[in-house]
Amino acid sequence: LTLRADKTEVLDDDNHAVLDGHVEVNHGKYYVNAEHADIFRDPLSKHIQQLSLADYVHFWLPGMTVFSDQASVDLRSLNAELQGVVFRMSASSDADVLPGRGKAKRVKQLGQHLVRMCDATYTTCPPNREAWHLRGAKLKLDKKAGWGSISHARLYVHKLPIFYFPYFKFPLDSRRHTGVLLPSIAYSNKHHVDVSLPLYFNIAPNYDLLFTTKYMAERGTQLNNEFRHLSAFGESNLKFEFLESDDKYPEQGSRWGGQFNFEGIYKEAWKFNIDYSKVSDVNYFSDVDSNIGNREDGQLVQEGQVQYRSDFWDAALSA
């Protein structure tokens, strides 16, 4: 433990010290700045056991930067309690989302990985363009598990409350987890209100499934599946959409669409590509919003290709 300050005063038989002015505390991976600090030692072991900080407290913690009005740290357990907090999560190099940030009235740091907050807000938007944020009574961030949770949460879009969640769970990094993703609501003149509820299944490290139930007000309920698989040979993607009966055009019967994509490489010289799509009827793209094929021109690709490449020549066979 390294301590620095402009002014130091030792009290109470060397068991209490007061530091003032540009206080710096360095403890392994933890670094803190403040304008005032009180340090308490154990009377028997003489080890520093408690640290109280005030006035412009700035923590650099593993995976997080925190500003607070006051803080108290137990140096034996590395537990901390902070008041009046502004925090920002650190970005990882492989993260697919922006690092989270927010505010809290009170924060407890329990060990190195677990953080609990009261009266907290959370968002991944940049500070100058905050499109949304979550505000809840209690917020929990488990950096080891990669999950955050918030209870009695309200979802705000700009400054307008949109939705209430009794309990809401969200990822803190790019690790994949099985669960319900955020629903979407849309409106169009084609089928008026669309409501989609996606379920994500992290089946294995190299394959997963996205299952989405989509309700279209004038047409009915559509079931969508997207299966992804990755192997040493290549990657494949299978999509399938199914509408049992179209309420707007019942004469069409069941309407469906499917697409299979594969791209693989064998021994660096051989390359394989498959792109095959099929739909139930010729009006499928004009009637149903689809993620299959090319929606703009209604074309469906059905082809496969094998390529061979060497240092001197290459060849391809397409069907």
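Just read off the accessible area of Val73 with the full protein assembly in place, 1.4 Å probe, to the nearest 10 Å².
The accessible area of Val73 comes to roughly 20 Å².
Which value, in Å², gives the accessible area per residue of the stretch 116-188 when a 1.4 Å probe is used on the protein heavy atoms?
Numbers: 4580 Å² over 73 residues.
Heavy-atom accessible area per residue stands at 63 Å².
Give me the one-decimal Kirkwood hydrodynamic radius in Å for the stretch 1-129, with the sum taken over alpha-carbon pairs. Could the numbers behind the result be given before it?
Details: mean 1/r = 0.0644 Å⁻¹.
Mean inverse Cα-Cα distance, inverted, gives 15.5 Å.
For Phe240, Phe272, Phe165, write out the residues from largest to smallest accessible area, computed with a 1.4 angstrom probe and no ligands counted.
Values: Phe240 85, Phe272 60, Phe165 35 Å².
Descending order: Phe240, Phe272, Phe165.
Just how much of Tyr308 is accessible, in Å², when a 1.4 Å probe is used and the result is rounded to the nearest 10?
The accessible area of Tyr308 comes to roughly 70 Å².
So how do Asp289, Asp311 rank on accessible area, 1.4 Å probe, biggest first, that is with the largest at the start?
Numbers: Asp289 45, Asp311 145 Å².
Of Asp289, Asp311, the descending order of accessible area is Asp311, Asp289.
Can you tell me which aspartates and glutamates have their Cα less than 20 Å from the Cα of Lys248? Leave out same-chain residues fewer than eight positions away.
List returned: Asp194, Glu218, Asp281, Asp287, Asp289.
Tally up the carbon and sulfur contribution to the accessible surface of the chain as a whole percent, 1.4 Å probe, everything protein left in place.
55 percent
log10 I(q)/I(0), Debye, Cα-only the stretch 177-224, no solvent, q = 0.15, 0.18, 0.23 Å⁻¹?
Results for the stretch 177-224 at q = 0.15, 0.18, 0.23 Å⁻¹ read -0.45, -0.58, -0.78.
What relative contact order, as a whole-number percentage, does the stretch 1-101 give when Cα pairs under 8 Å and 6 or more residues apart are counted? Intermediate values should be presented prior to the final figure.
Numbers: 233 pairs, mean separation 16.8, N = 101.
In percent, rounded to a whole number, it is 17.
Pick from Ala34, Ala137, Ala232: which is most flexible by mean-square fluctuation in a GNM of the chain where alpha carbon atoms under 10 Å apart are linked?
Ala232
Rg over Rh of the chain, using C-alpha atoms and the Kirkwood radius, what does it come to?
Values: Rg = 28.2 Å, Rh = 24.5 Å.
Dividing the radius of gyration by the Kirkwood radius yields 1.15.
Given axes a ≥ b ≥ c from the Cα gyration tensor, I'd like to know whether the stretch 174-309 is rounded (a/c under 1.5), prolate (a/b larger than b/c) or oblate. Show your work: numbers first, answer last.
Details: a/c = 2.93, a/b = 1.46, b/c = 2.00.
Oblate shape, in that a/c is at least 1.5 and b/c is the bigger or equal ratio.
Given a cut-off of under 8 Å on Cα pairs at least six residues apart, what relative contact order in percent is computed for the stretch 73-203?
Numbers: 284 pairs, mean separation 19.7, N = 131.
Value for the stretch 73-203: 15 percent.
Considering only protein heavy atoms, with the full assembly of protein chains and a 1.4 angstrom probe, order Cys118, Cys125 by accessible area, largest first.
Values: Cys118 40, Cys125 15 Å².
I get Cys118, Cys125, largest accessible area first.
Grab the other residues whose beta carbon is less than 12 angstrom from that of Ile185, score K and R as +1, D and E as -1, and report the net.
Values: positive: Lys214; negative: Asp194.
Counting the neighbours of Ile185, the net charge comes to 0.
Could you name the aspartates and glutamates whose alpha carbon sits less than 13 Å from that of Lys169, not counting residues in the same chain fewer than 8 places away?
Asp142
Quick one: compute the contact order of the chain, relative version, from alpha carbon pairs under 8 angstrom and 6+ residues apart, as a percent. Kindly include the intermediate steps, with their values, before the conclusion.
Values: 778 pairs, mean separation 18.8, N = 319.
Across the chain, relative contact order equals 6 percent.
Taking a probe of 1.4 angstrom, what is the accessible area of Ile203 in Å², to the nearest 10?
90 Å²
To check my understanding: the extent here is largest minus smallest coordinate of the Cα atoms along each principal axis. What are those three numbers for the stretch 66-187, in Å, largest first?
56, 29, 28
The values are calculated or read from the model by the stated rules, or taken from the named source; none is laboratory data. Everything quoted here is computed from the prediction, not taken from an experiment. FYI the Cβ positions are ideal-geometry reconstructions off the backbone, even for glycines, and counts take in every protein chain you see. For the accessible areas, the whole protein counts, side chains as well, though only heavy atoms, and no ligand, DNA or RNA atoms are used. Shrake-Rupley method; radii C 1.70, N 1.55, O 1.52, S 1.80 Å.
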